[in-house]
Each structure stands twice: as C-alpha cells, then as structure tokens.
Amino acid sequence: MILNFRWNFFIIIAVIILTAGLVFWFLFFSEKWGKIEISSQTQTVNENVSVEVKASIENLDVTEKELEQSTVNPEVRLEKITETESITDTGESDENEIKKINTLEVVEKLVATGFQNVSKKRQIDTIIIHSSYNSLGGDPYDVDRIIDIYKSYGVSAHYIIGRNGTIYRLVENNDMAYHAGVSLMPDGRNNVNDFSIGIEMIGNKTDGYAKAQYTALAELINDIKSSYKIKYVLGHSDIAPQRKDDPWNFDWKRLE
C-alpha cells in the first residue's frame, strides 16, 4: 500500500515538472524562434526584390542621368514649362505676323507673257517703280485694259497697284519680269531685270496718285524687304533717263 502511494507521488511530480518545462519553453523560446524565421523570410524577400529591380533597370538600359531626370520634382517641371511659355508667349511676333498678313492683300492676276521663268533663286536687291494708264480709250485706270496693253508689247511688271490701293500680282517674285528694258543702275550694273522687282502705279501724267496707292506701295515694299535684302528703290527714270520719265508726278517724300 505504501509502495503504491510513493509511485503515484513520483508520477505526479514528473508530470508537474514536464508541464512546467513546456510552459517555460513556450514563454521564452517560441517567440524568439518565430522572430528568427520571420526575419529570415523578410531578408530573403528583400533580396529577391532587389535582384528583380536591378534586372529590370538593366533590361531598360536606364542611365543614372535618366534616373535623376525621372525623379525631378513635378512642381519644378511645371515651373520650367510655365517660365518657357511666359517667354515665348509674348504675343509680339504673332501680332506682327497677323498684321502683315491682314494689311497686305494681294490679288492674283498672273499673266502668261512678259516674263521669264527662273528655276534658281534670284538675288534681288532692287525695286523699280513705274507708271501706267490706259491710253486706248475708255477708263484710263481700267486694270484689265492696262494689262492687255502689256500683253500686246510682251512686257510686264511683277505688281500693279490700282487707284483704290488694290495690289495685283502679275508675275511671281522669283521670275524675271520684262519691265526695265535697256537701263543702267547708279552702281554701274545693267540688265536690271535680272535682279529687280517692278511695280506699276496706275496714274497719268496729270492726276498723280491716290493716298491708298501710296499706302499700298509702302506696305508692298516692306513685304518685299522682309524676303530680300533691298538696296535700291528707284523710279524707271532713274535707270533709263534718256528713254523714260515715269513714275509721273510721284511724291517720293510720301513714300518715305
């Protein structure tokens, strides 16, 4: 009886010690072990991600400079764009361009004779001003009748300006119009048609020219100067004084 009691006592003590040991291990070692496993997994994941990112950058062939540019603060980019727009969007150049287009209205009235086509770019530095009117009866300032007279003689100017200031284009600027004839420049050059543009002002030897014509002529000359380096603006009489006396009654001060 006593032996059985002692055996039971030792079994109870062993169970208590084993239970206490399990509790102690759970409290002090299980949490640490879990942390070690989590830390190990996290490090592995980070290493995998790092390898993937590195591989992606190598595949894209991204340089350090491009990476720096790609991380620029959006606000700084916006500031730079705004600054550029504020510099270019002054409106000054656009306004001048619109003004030039709106004020210089040219009516195309291209002729088939009185000129020569030129394939290469002409070196134009001279503008010659002429006078014309219809001397064959009817309206002396009829544009079409005057052009018919040019055709009959096989001559033409590049432009003709009507009494109301309308500018008609008869020949393209780069083509050589037969308007100057035998002539000589103040600098000694001849063959003036080669390097000049001719402009006819409709008016006779007594009436002079309308204000609208002077205005149109000035605008036309300025437009031509925007495309060519013009050195001379002369009258027909300046290059052929022995043959011609036009432009008749022309007020050069008004043109200035």
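The values are calculated or read from the model by the stated rules, or taken from the named source; none is laboratory data. Because the structure is predicted, anything quoted here is derived from the model rather than measured. Don't worry about glycine lacking a Cβ; one is built from the backbone with ideal geometry, like all the others, and counts go over all protein chains shown.
Within the stretch 162-173, identify whether any single residue is of a type in the set (V, I, T), surrounded by 13 or more Cβ atoms within 10 Å (Cβ to Cβ) and touching an Asp or Glu at 6+ places or on another chain (Cβ under 9 Å), and answer yes or no. Break it down into steps so the answer makes sense when it comes.
Of the stretch 162-173, the ones of a type in the set (V, I, T) are 166-167, 171.
Checking the rest, the ones that are also surrounded by 13 or more Cβ atoms within 10 Å (Cβ to Cβ) come to 166-167, 171.
So of that shortlist, the ones also touching an Asp or Glu at 6+ places or on another chain (Cβ under 9 Å) come out as 166-167.
Checking the stretch 162-173: at least one residue is of a type in the set (V, I, T), surrounded by 13 or more Cβ atoms within 10 Å (Cβ to Cβ) and touching an Asp or Glu at 6+ places or on another chain (Cβ under 9 Å).
In the list Y228, Y214, which residue meets the criterion of being out of contact with any Lys or Arg (no Cβ under 7 Å at 6 or more places or on another chain), surrounded by 16 or more Cβ atoms within 10 Å (Cβ to Cβ) and of a type in the set (F, W, Y)? If you could, list the steps in order and put the result at the bottom.
Numbers: Y214 fails: out of contact with any Lys or Arg (no Cβ under 7 Å at 6 or more places or on another chain).
On inspection, the qualifying residue turns out to be Y228.
List the strands (runs of 3 or more DSSP E) that sit entirely inside the stretch 78-167 and contain at least 2 residues that are touching a His at 6+ places or on another chain (Cβ under 8 Å), at pLDDT 55 or above and assigned by TED's automatic domain parsing to the domain that holds K211.
126-132
Hey, can you tell me all the residues within the stretch 203-229 that are polar (S, T, N, Q) and over 28 Å from R122 (Cβ atoms)?
Within the stretch 203-229, N204, T206 qualify.
Restricting attention to the stretch 195-210, which residues are surrounded by fewer than 15 Cβ atoms within 10 Å (Cβ to Cβ) and under 21 Å from I239 (Cα atoms)? Give the derivation first.
Kept after step one, since they are surrounded by fewer than 15 Cβ atoms within 10 Å (Cβ to Cβ), are these residues of the stretch 195-210: 205-207.
Scanning the stretch 195-210 gives a single hit, K205.
Within the stretch 234-252, does at least one residue satisfy the condition of being aliphatic (A, V, I, L, M) and touching a His at 6+ places or on another chain (Cβ under 9 Å)? First the steps, then the outcome.
Step one: list which residues in the stretch 234-252 are aliphatic (A, V, I, L, M), which gives 234, 239-240.
Next cut, touching a His at 6+ places or on another chain (Cβ under 9 Å) only: none.
Within the stretch 234-252, not a single residue is aliphatic (A, V, I, L, M) and touching a His at 6+ places or on another chain (Cβ under 9 Å).
Looking only at the stretch 206-227, decide whether some residue is β-branched (V, I, T), touching a Ser or Thr at 6+ places or on another chain (Cβ under 7 Å) and assigned by TED's automatic domain parsing to the domain that holds I127.
No, the stretch 206-227 contains no residue that is β-branched (V, I, T), touching a Ser or Thr at 6+ places or on another chain (Cβ under 7 Å) and assigned by TED's automatic domain parsing to the domain that holds I127.
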